[in-house]
Amino acid sequence: MTIRIPLSSISIGALENRHVAEVMRSTMISSASPVVAAFEAALGARLGADHVVAAASGTCALELALRALGVGPGDEVIVPALTFASPVAAVMLVGATPVIVDVSPEHWTIDPQEVARHIGPRTRAIVAVDVLGHPADYDALAAFGIPVIEDAAEAIGARYKGRPTGSLGTIAIFSFHANKTIATGEGGCVATNDAAIGARVRQLTNFGMNPQRRYWHEFAGHNHRMTGLVAAVGLAQVMRWDELIGARAQVTRWYDDAFALAGVTRRPVMSWADEATWLYTIADDRRDDILRACAGRGVDARAIWPAIPDQPAFADLAQGAYPVTRRISDTALWLPTSAGLTEAEVGEVVQGVLEGHSRAKAA
Ligand SMILES: *Cc1c(COP(=O)(O)O)cnc(C)c1O
């Protein structure tokens with residue numbers, strides 16, 4: 001099929017071009033470029049986080065967050081079964097063991113009751129994923145007294161009980177991959193209000209060097225830093241925050257309005273959550289019919305990720321039946337969601353969904 005309406009597309013304009021040109025002209029293109037610090041400060045102001053460290057990707061940011069909390073071999077980290085795989089892989093990459101738990105049918109994020117059942121003497125952290133733009137239940141997670149890593153890669157601009165994502169756990173991470181809401185191609189960041197953890201992240205991403213003493217390495221660190229060219233794009237995107245996040249909210253309203261009367265089920269939203277839709281998601285028993293109808297119209301709708309415990313990399317770690325995640329993985333699908341999507345394009349997607357939905361019902 002030729003794709004006419006892609007699942008995701010990036011919004012790059014004059015501001016991004018100007019910022020990149022300025023950094024090129026300055027020749028300060030490494031992570032030492034002042035634009036990296038400016039990007040971090042602009043993010044911190046939006047996220048309500050005192051310490052923001054830009055990183056090469058969201059996955060690097062996850063690894064930095066885990067290491068900054070001292071997570072390593074012998075430790076267990078509780079992770080949700082419904083997520084992009086990156087947070088689960090990051091736990092394994094630092095040598096710890098992911099403990100995969102089911103999500104809640106009410107909000108599709110990690111189920112605090114399942115977390116409670118899986119906490120043990122070796123539990124060092126919980127990774128909560130704000131899946132598809134909906135925050136996890138942070139008050140319930142904080143009650144366990146275990147550090148919480150907030151994977152807000154898909155939820156920039158979302159709020160939990162009025163508080164922005166990025167300030168809800170012990171430490172948070174974001175991704176700026178090209179398909180994310182604030183996009184730099186590749187990129188990510190760590191955000192925290194804990195000064196000691198923030199300093200540790202900074203040192204970890206800077207070869208373990210003492211910040212006051214050049215070439216004095218206190219531990220073996222990474223170079224997971226972001227370049228000035230990438231941060232130039234990021235700074236422009238953060239300056240367009242309201243526009244980019246508002247446009248996705250508008251797309252969400254168009255879908256919601258079209259589906260409310262048609263009996264198409266969208267992913268649930270809790271009263272304590274202000275969702276910031278990353279990908280608009282519906283769930284339907286005859287998903288294949290909808291995907292086929294959309295494909296026939298050149299609409300790039302896609303099935304959600306397979307459950308983490310069903311994937312070759314993680315199957316050994318499965319424990320239990322994961323009924324909620326498996327049901328979502330079997331029925332949920334994403335519809336095109338981007339800041340640049342027009343109402344007419346949303347209408348075309350809706351036609352595809354309704355065609356598949358009613359075909360399924362008639363069958
Ligand atoms: C995109 C994503 C990541 C990974 O970010 P990268 O920048 O692609 O490494 C991590 N966690 C979640 C939940 C994501 O959706």
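The values are calculated or read from the model by the stated rules, or taken from the named source; none is laboratory data. Please read these numbers as outputs of a predicted model, since none were measured by experiment. Cβ sites come from the backbone with ideal geometry, for glycine too, and all protein chains shown count toward neighbours.
Computed quantities for the displayed model
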| quantity | calculated |
| --- | --- |
| Test: residue in region 76-97 that is β-branched (Val, Ile, Thr) and farther than 30 Å from residue 323 by Cβ | no |
| Per-region count, region 320-349, residues part of a helix (DSSP H, G or I) and surrounded by fewer than 22 Cβ atoms within 10 Å (Cβ to Cβ) | 12 |
| Residue check, residue 102 within 17 Å of residue 309 (Cα to Cα) and either touching a residue at least 24 places away in the same chain (Cβ under 8 Å) or within 16 Å of the ligand (Cβ to nearest atom) (or both) | yes |
| For residue 217: the one exception among (1) buried (at least 16 other Cβ atoms within 10 Å of the Cβ); (2) in contact with a strand residue (DSSP E or B) (Cβ under 8 Å, 6 or more places away or on another chain) | (1) |
| Hits in region 221-254 (condition: small (Gly, Ala, Ser) and at pLDDT below 95) | 221 |
| Members of region 130-157 found to be surrounded by fewer than 24 Cβ atoms within 10 Å (Cβ to Cβ) and in contact with a His (Cβ under 9 Å, 6 or more places away or on another chain), listed by number | 137 |
| Positions within region 274-291 being closer than 25 Å to residue 165 by Cα and either within 16 Å of the ligand (Cβ to nearest atom) or in a loop (DSSP other than H, G, I, E, B) (or both), in sequence order | 275, 276, 277, 278, 279, 280, 281 |
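To keep it simple, each residue is scored yes or no on (1) within 16 Å of the ligand (Cβ to nearest atom); (2) surrounded by fewer than 19 Cβ atoms within 10 Å (Cβ to Cβ); (3) part of a helix (DSSP H, G or I); (4) under 20 Å from the mean Cα position of the chain (by Cα).
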| site | (1), (2), (3), (4) |
| --- | --- |
| 28 | no, yes, no, no |
| 31 | no, no, no, no |
| 45 | no, yes, yes, yes |
| 63 | yes, no, yes, yes |
| 79 | yes, no, no, yes |
